[in-house]
Amino acid sequence: MANESNKPHDKPTDSRYIAALEGLHDAFFLAMGKPIYAPIDLFQPGLRILDSGCNNGRWMNDLALTCAPAAHQYYGTDLLDVFFPPNPPENLHYSEQDIRNPWPAEWQGTFDFVHQRTVLVNARKKPIKDVLSQLTEVLKPGGWVQVMEGDFPPILENGPALREFLDLGAWFFDVAGPGREMGPNLKATLMDIGLHNSKDETVYVAVGAKLNGQPSNVVNGSIEGLCAAIPGSLDIIRGKETLQHTSLFDTYIGGGMEHPFSLDKLETLEDRLRTELLNTGGHLRYRVAWAQK
Ligand SMILES: C[S@@+](CC[C@H](N)C(=O)[O-])C[C@H]1O[C@@H](n2cnc3c(N)ncnc32)[C@H](O)[C@@H]1O
């Protein structure tokens with residue numbers, strides 16, 4: 001169970017948030033070409049697979065389709081149970097788990113594959129090494145972990161609104177969480193905690209008009225996935241203490257901290273970003289790292 005102090009101030013199940021994550025999920029799948037880079041044979045039946053910070057389970061559902069007819073047991077965990085689907089198939093199991101806390105004793109050493117995507121900013125100031133060490137304790141010897149997080153060097157081909165948006169993202173990682181270097185450091189962190197065969201890859205995720213040719217719900221989903229992050233971010237910058245429940249920055253942050261942004265400019269960022277992404281699109285950069293126990 002999550003600590004009471006970590007519970008949301010208000011119910012964060014708004015459909016805009018879930019739609020935003022699903023929009024980005026489609027863009028991630030297209031950019032990566034395959035869901036898992038770790039060299040695990042997904043077609044051997046009966047694997048135990050964990051998705052930490054799974055939200056509504058979309059990643060597990062898509063993976064289950066990719067792996068069919070191989071049937072696996074999927075375990076999805078999140079800080080909040082409010083996202084979990086009400087009647088999941090019997091091989092999909094959901095439970096609450098804060099990534100900062102130890103994992104259930106009965107799970108230790110039992111998983112073949114552990115996945116976590118865009119969740120680590122929520123470690124806040126707890127060292128990433130400790131969070132990943134606890135997470136990978138649930139792996140069997142020989143099991144694989146794959147972690148995917150943002151990487152923020154400026155992408156010069158992006159338009160001004162997307163660059164401004166990504167600067168905002170990098171700033172959040174610095175003030176609220178583990179810092180903007182966390183993604184590039186993942187591979188080294190996995191080695192530091194004693195895992196083997198650690199590798200990483202940079203993935204450029206096309207969004208908006210750069211996805212032209214894809215179904216319109218995928219193109220628009222990627223745009224709204226980013227735009228949905230802005231109102232909550234503005235709340236924080238305006239000094240409102242809030243549960244950030246946006247596509248990129250899910251975390252509890254006290255407002256009112258120093259920031260380098262112009263509020264007037266940020267007020268118009270959502271509209272400018274939507275227009276820019278519709279017209280020219282852009283790219284996000286992520287780091288995928290994987291390693292073996
Ligand atoms: C940006 S979303 C990513 C969701 C999903 N992994 C994906 O890639 O679509 C971050 C998720 O982490 C969850 N989360 C936030 N803080 C957490 C914590 N301390 N422990 C576990 N999950 C957390 C959020 O509820 C949300 O579902």
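The values are calculated or read from the model by the stated rules, or taken from the named source; none is laboratory data. Owing to the predicted nature of the structure, the values given are computational and were not obtained by experimental measurement. A quick note on method: Cβ atoms are made from the backbone with ideal geometry, for glycine too, and the neighbour counts reach across all protein chains shown.
Descriptive notes on the structure:
- Exclusive hit being in a strand (DSSP E or B) and surrounded by 23 or more Cβ atoms within 10 Å (Cβ to Cβ), set Tyr94, Tyr74: Tyr74
- All conditions but one from (1) in a helix (DSSP H, G or I); (2) under 16 Å from Ile40 (Cβ atoms) apply to Val82; the one that does not is (2).
- The listed residue being among the acidic types (Asp, Glu), buried (at least 18 other Cβ atoms within 10 Å of the Cβ) and at pLDDT 90 or above, out of Asp51, Asp62: Asp51
- Residue in the stretch 50-66 that is away from the ligand (no atom under 13 Å from the Cβ) and in contact with a strand residue (DSSP E or B) (Cβ under 6 Å, 6 or more places away or on another chain) present: no
- Whenever a residue of the stretch 77-106 is touching a residue at least 24 places away in the same chain (Cβ under 8 Å), its partners that are away from the ligand (no atom under 16 Å from the Cβ) and outside any loop (DSSP other than H, G, I, E, B), lying with C-beta atoms within less than 8 angstrom and at least six residues away or across chains, give the pairs Asn91/Gln73.
- Total residues in the stretch 28-41, condition surrounded by fewer than 20 Cβ atoms within 10 Å (Cβ to Cβ), more than 13 Å from Glu201 (Cα to Cα) and touching a residue at least 60 places away in the same chain (Cβ under 8 Å): 3
- Checked across the stretch 153-170, the condition of being among the aromatic types (Phe, Trp, Tyr), surrounded by fewer than 22 Cβ atoms within 10 Å (Cβ to Cβ) and closer than 21 Å to Ile237 by Cα holds for no residue.
- Within the stretch 239-293, the residues that satisfy the criterion of being in a strand (DSSP E or B) and at pLDDT 60 or above are Gly282, His283, Leu284, Arg285, Tyr286, Arg287, Val288, Ala289, Trp290, Ala291, Gln292.
- Filter result for Leu63 (among the aliphatic types (A, V, I, L, M) and outside any helix (DSSP H, G or I)): no
- Yes/no for Asp14 being modelled with pLDDT under 95, farther than 17 Å from Glu96 by Cβ and crowded, with 18+ Cβ neighbours inside 10 Å: no
- If you filter the stretch 98-150 down to residues that are small (Gly, Ala, Ser) and either surrounded by fewer than 22 Cβ atoms within 10 Å (Cβ to Cβ) or within 15 Å of the ligand (Cβ to nearest atom) (or both), you find that the one that is farthest from Val82 (Cα to Cα) is Gly142.
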